[in-house]
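The values are calculated or read from the model by the stated rules, or taken from the named source; none is laboratory data. Keep in mind that what you see is a predicted model, and the values were worked out from it rather than measured. As a convention, Cβ positions derive from the backbone with ideal geometry for all residues, glycine included, and neighbour counts pool all protein chains shown. Side chains are part of the model used for accessible areas, which takes the heavy atoms of the whole protein and leaves out ligands, DNA and RNA. Shrake-Rupley method; radii C 1.70, N 1.55, O 1.52, S 1.80 Å.
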Amino acid sequence: MTSQDCDIGLIGLGTMGRNFVLNMADHGFTVAAYNRTTEKTRDFMAGEVGSRPIKAGYDLNEFVGLLKKPRAVILLVAAGDPVDAVIRELLPLFEPGDLIIDAGNSHFTDTNRRFKFLAVKKLHYMGMGISGGEEGARRGPSLMPGGHRDIYDRVGPILEAAAAHVNGDPCVAYLGPGSAGHYVKMVHNGIEYGLMELIVETYDLFKRGLGLTPAELAPIYDAWNQAELNSFLLEITAKIFTRKDDRTGRFLVDMILDKAKQKGTGMWTSWDAMDLQVGTPTIDAAVVMRDLSGYKEERQNAAKFLAGPTYTFEGDRPRFIEQVKNALYASMIATYSQGLALLQRASLAYTYNLDLEAVARIWRGGCIIRATLLEDIRTAYKARPDLPNLLMDPHLAQAFLAREADLRQVVQVAAGLGLPAPALMATLGYFDAYRSAVLPANLIQAQRDFFGAHQYERLDTPGSFHTEWDK
Ligand code: NDP
């Protein structure tokens, strides 16, 4: 290979970057690769690269010199300051018309800021979400790009080749201007948080409620994954329950500390949902539970101090397992509903002009929240692109309603057993609130007017009213 013959460059040979370079090269594109720590670049070139069309730049000058003009570079570096640091280093080496694609989990407001900053320098910028973890990056992720449409077209063929494919459709689509891609990725992760929390609540009901072991749990989740609940997260959950620990010979899941980490994307989803006044309570509950999981010592002390119910489950166990399955499916529908309702609202607020059918389509493969259910979600938006909430789609509403009684039952059992199931409970509360023509917010209006003279509206007459409540 000669200089300036690489179709695309990638900076950041970490878990995602390394694999995405190999993926693009396997699809016939010549790729330039660079990493801040040169040792990593050397190891990569000496190891996995083999005869693939990959060329290393051992410093940024060399790397930039490998790229065809106008240049296109994907960043897969840690989100936050590192993205700004890399952009600053690239600036003196790039020319007007060159393109930087940030594929990390950047906050969408950072993407807006960088987009504007680089436009002044006459450089193009795209914020692109990527999902699928290591395996996805290597074999085909779901890609969520945003920016200028014509700039997407410049790199579209590379992204479409490298993305996962479902029934011949690539799991990538141009999503909208500015930070649309990173926003969609953020909400993807919010939904991911919600689904993971729902699954772990079912696990807790089975483990602490019914006393089931990982060996007994594996076939349950595996069977669920063969039917309507089919999804990547259930597939890996079933596999996790089969894995033995090399050190102790026990089930590995039983040896793992119950403290969940997070990088913030779930929290960002909840924040922005609150900013836009869209309810995402299942996702909020998932974020809260990750936080609470971190208080291990405090929970251990509280467990000695705060006694819970002594009730043990004495119902029909196979029937309960079936009810939990139905509760999980209904809650999955409601979680996607919340996330997509947020996207619907954000699309208007931030003028992303999102096509939610396309979002559902590109989430069907490659990403962490891929699930058979997304086919129904896609169909729902195809029939009605402005659907305010998936629970208003006749087919999905029916699927929820058919399982509603089981969700109520499971929530009751969890409450009776004293087992935390905030995501299942929040989902049910969300459903009951959403379907309530009348809510008790009239009393909130009265209270606000009482203590703050905030005024209220009446049911019978338009306008704003104030009452001297104490007089
Ligand atoms: P890794 O931790 O594996 O790699 C981080 C990379 O960032 C390394 O190449 C590192 O270089 C580089 N880096 C960090 N700081 C700087 C800096 N100041 N200047 C230049 N380079 C820097 O990360 P991942 O591959 O897991 O993640 C990359 C991005 O992709 C993140 O935004 C992440 O949130 C996102 N992502 C990750 C997923 C995953 O499953 N891992 C899934 C989807 C998105 P060096 O070797 O020199 O330290």
Practice task
Estimate the FRET efficiency between GLN398 and ARG317 by the formula 1/(1 + (r/R0)^6), using the beta-carbon distance for r and 25 Å for R0, to the nearest 0.05.
Solution key: 0.35
Fill in the blank from the handout: Residue-ordered couplings for the range 362-373, obtained by feeding phi - 60° into the Karplus form 6.51 cos²θ - 1.76 cosθ + 1.60 and rounding to whole Hz (Gly and Pro as x), are 7, 8, 6, x, x, 9, 6, 9, 5, 7, 4, 3
Handout entry: Fully extended contour minus Cα-Cα distance, from MET45 to GLU134, at 0.36 nm per residue
Key = 30.2 nm
Exercise for the section: Measure of size requested: the Rg and Dmax of the range 8-178, with Cα atoms as the atom set and Å as the unit; please supply both. Expected result: 14.7, 43
Completion exercise
Restricting to Cα pairs under 8 Å and 6 or more apart, the percent relative contact order of the chain works out to 13
Practice task
Go through the range 261-266 residue by residue and turn each phi into a ³J(HN,Hα) via Karplus (6.51, -1.76, 1.60, θ = phi - 60°); whole Hz please, and just put x for glycine and proline.
Solution key: 8, 7, 9, x, 5, x
Problem - Positive-end residue, the chain charge dipole about Cα centroid, Cβ charges, pick of GLY50, ILE220, SER142 - result: GLY50
Practice task
Can you list which of the chymotrypsin sites (Phe, Trp or Tyr not before Pro) found in the range 1-99 are DSSP loop residues with at most 14 other C-beta atoms within 10 Å?
Solution key: TYR58
Exercise for the section: Distance between Cα centroids, the range 378-431 to the range 279-344: provide it in whole Å. Expected result: 13
Exercise for the section: Report in % the part of the accessible area of the chain that belongs to carbon and sulfur, leaving out ligands and nucleic acids; probe 1.4 Å. Expected result: 54
Exercise for the section: Could you quote the convex hull projected area for the chain, Cα atoms only and averaged over all directions, in nm²? Expected result: 28.2
Exercise for the section: Treating only the Cβ atoms of Lys and Arg (+1) and Asp and Glu (-1) as charged, compute the dipole magnitude of the range 1-63 about its Cα centre; round to the nearest 20 debye. Expected result: 120
Handout entry: Options VAL438, TYR381, THR461, ranked by Cα towards positive dipole end of the range 377-471, top entry (Cβ charges)
Key = TYR381
Completion exercise
Amide H neighbours of GLY97 at under 5 Å, excluding residues fewer than 5 places away on the same chain, with H built from the backbone geometry, are LEU123, HIS124
Handout entry: Cut-off under 5 Å, modelled amide H: who pairs with ALA56 long-range
Key = ALA33
Exercise for the section: May I have the convex hull volume per residue, in Å³, for the Cα set of the range 185-434? Expected result: 134
Handout entry: Cleavage-rule hits (chymotrypsin sites (Phe, Trp or Tyr not before Pro)) in the range 408-470: DSSP loop, at most 11 neighbouring Cβ within 10 angstrom
Key = TRP469
Handout entry: Backbone N under 13 Å from the ARG299 label point (7 Å along Cα→Cβ), restricted to the range 392-416
Key = none
Problem - Distant-in-sequence amide H partners of VAL166 (H built 1.01 Å from N, under 5 Å) - result: CYS171
Handout entry: Point-to-point label distance, GLU160-ARG458, nm (Cα→Cβ direction, 7 Å offset)
Key = 6.1
Practice task
Would you calculate a helix-derived [θ] at 222 nm for the chain, using -39,500 (n - 2.57) for each DSSP H run of n ≥ 4 and dividing by the full residue count, to the nearest 500?
Solution key: -17000 deg cm²/dmol
Problem - Along principal axes, Cα extents of the range 234-346, largest first, whole Å - result: 48, 36, 35
Practice task
In whole Hz, with x marking every Gly and Pro, tabulate ³J(HN,Hα) for the range 388-402 from phi via Karplus 6.51 cos²θ - 1.76 cosθ + 1.60, θ = phi - 60°.
Solution key: x, 7, 4, 5, 8, 7, x, 5, 5, 4, 5, 4, 5, 4, 5
Exercise for the section: Go through the range 169-262 and name the trypsin sites (Lys or Arg not before Pro) that are in a DSSP coil and have 16 or fewer other Cβ atoms within 10 Å of their Cβ. Expected result: ARG243, ARG247, ARG250, LYS259, LYS261
Fill in the blank from the handout: To the nearest Å², the heavy-atom accessible area per residue of the chain with 1.4 Å probe amounts to 47
